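Structure first, commentary second.
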Amino acid sequence: MLRKLLFQQTPKAYRFLSTQSTLPLLNKCSAFSYCSSSQPEIPPSNSVEQLQDQPKNTISIDRSGLYNPPEHSHEPSSDSELVKHLKDIIKFRGGPISVAEYMEEVLTNPKAGFYINRDVFGAEGDFITSPEVSQMFGEMVGVWAMCLWEQMGQPKRVNLVELGPGRGTLMADLLHGASKFKNFTESLHIHMVECSPALQKLQHQRLKCMDEDSTAEGVDKRFRSTLAETPVTWHATLDQVPTGLPTIIIAHEFYDALPVHQFQRGSRGWCEKMIDVTEDSLFRFVLSPQPTPATLYLMKRCKWAVPEEVEKLNQIEVCPKAMDLTYTLAKRIGVDGGGALIIDYGLNGVVSDSLQAIQKHKFVNILDNPGSADLSAYVDFASIKHSAEEASDDVSVHGPITQSQFLGSLGINFRVEALLQNCTDEQAESLRTGYWRLVGDGEAPFWDGPAEQAPIGMGTRYMAMSIVNKKQGIPIPFQ
Ligand code: SAH
């Protein structure tokens, strides 16, 4: 089953088909503890506890059906620029780096990060996302944004922000779908938050942007999307998006790319999993002998959990960047008004061990060829909810609900019916399979083509959550 899924042009989520429900039973420990500061000083990196000795039952993903790369096949022969850079960081710091730092460098290093220099999406790329599966995805997100704008009292000027827009397909479909609703589109200033120059370029093309005269110094260059005659500006971070206007924020498969810290329960309590280089120049996992700065986030996350949730786990992932981003985003919505929509795969609770590497639609080893494979982790929706509530009393958090519920309530069924009225047989097949992939669960029952190409529904694997200013009431369709 898994093998079949991976050899299709599978959506990104399929890498997680064996979710935590397939975890082998993990050892129970009674109390939450972390490596105490009474531990000895951090020894040189080569004496840090190696993870190869850890019991096998801490690995949570069933990879039995997957293509199996040889363990540690990363020969040092011709190190890439990124590998050299990672090894230099470890060498000059005199010790291992966290999994989060590794993940951040691998994905977004300004010279050689996975996302930085190329288009990684689609059949020819490494994975496929929902906006690339069907235009209906972006259109439905557009319906959500318009409904929220109505609830906001149809403000004359609104910032519409997309975090991590990939190829720009979601925003293009949103604008296409909304272009008849002039009051809405005329109110918009679009802000694309994207760290990759290559993807910024693709987004610019996808939105059919023209230059707009803006010569003022210190002001970001503005473009105009001819899809709905809306101004568009690009930024590397959310902080660069101007405040002071009501704001609608969309984050689809953005949170899963934020770097996670991994902790493992051992005889000394919770220790952070780090990445080091062996004497023969290979990357390896080690355990930090002392509490690390990220331990504060672990403690914070565990305080939000019920004790039983933590007791059953031997590994925990925390994502400080997700917590901090949500805090910033919720503060902004609390002050400026508006709301955010977060769609991703994940859990509504503590995440154990979900970090995965995918290259050309196949699982690969996390430590192999860094920069050539996507790294991503389950999103902890409960942590997002707590971070937002901590940031502002003026926001409310709704969901998560499944993507299937979200798109269904927004009317995707009517949309697919309408599109099917006026299309070729080939388009009809593509619409039906796209629809199933977005809202279905498991293999499509109507499929009569080759079994290994059957469309797989991901409607229950993805979840949607919304954070809104309380003034607007409950957002559609979370009532
Ligand atoms: N939302 C798109 C793409 C998801 S992939 C879709 O669903 O198709 C993640 C996207 O986030 C990519 O565009 C990537 O370049 C961007 N990204 C990842 N980390 C980022 C960061 N720290 N800052 C800004 N953009 C980031």
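Read the figures in this text as sums done on the coordinates, not as results from a lab. Everything quoted here is computed from the prediction, not taken from an experiment. Cβ: placed from backbone, ideal geometry, glycine included. Neighbour counts: every protein chain shown.
Quick notes
- A simple count of charges around residue 203, restricted to other residues whose Cβ falls under 12 Å of its Cβ and scoring Lys, Arg +1 and Asp, Glu -1, yields +1.
- For segment 231-284, a simple Cβ point-charge model (Lys and Arg +1, Asp and Glu -1, everything else neutral) yields a dipole of about 240 debye relative to the Cα centre.
- Mean separation of Cα contacts under 8 Å, 6 or more apart, over the residue count of segment 230-353: relative contact order %: 37 percent
- If you wrap the tightest convex hull around every Cα atom of segment 192-278 and split its volume per residue, you get 199 Å³.
- Relative to the globular-protein estimate of 2.2 N^0.38 Å, the Cα radius of gyration of segment 265-332 stands at 1.37.
- Segment 301-341: projected area of the alpha-carbon convex hull, averaged over directions, in nm²: 3.8 nm²
- Pairs from the table (156/221; 156/331; 180/385; 91/362; 273/331; 303/385) lying more than 24 angstrom apart at Cα are 180/385; 91/362; 273/331.
- A Förster distance of 22 Å, applied to the separation of the beta-carbon atoms of residue 176 and residue 460, puts the FRET efficiency at 0.20.
- Dividing the Cα radius of gyration of segment 383-479 by its Kirkwood radius returns 1.13 for Rg/Rh.
- Cα-based Kirkwood hydrodynamic radius, segment 231-279, one decimal, Å: 15.5 Å
- Rounded, prolate or oblate (a/c below 1.5 giving rounded, otherwise prolate when a/b exceeds b/c) for segment 113-194 by Cα gyration tensor: prolate
- Per-selection Rg to Rh, segment 115-269 - Cα, Kirkwood hydrodynamic radius: 1.03
- Length released on extending from residue 84 to residue 427, taking residue separation times 0.36 nm less the Cα-Cα span: 118.8 nm
- Separation between Cα centres of segment 369-426 and segment 252-309, rounded to whole Å: 27 Å
- Isotropic mean projected area of the C-alpha convex hull, segment 350-420 (nm²): 8.4 nm²
- Placing dummy labels 7 Å off each Cα toward the beta-carbon, the span from residue 418 to residue 299 is 5.4 nm.
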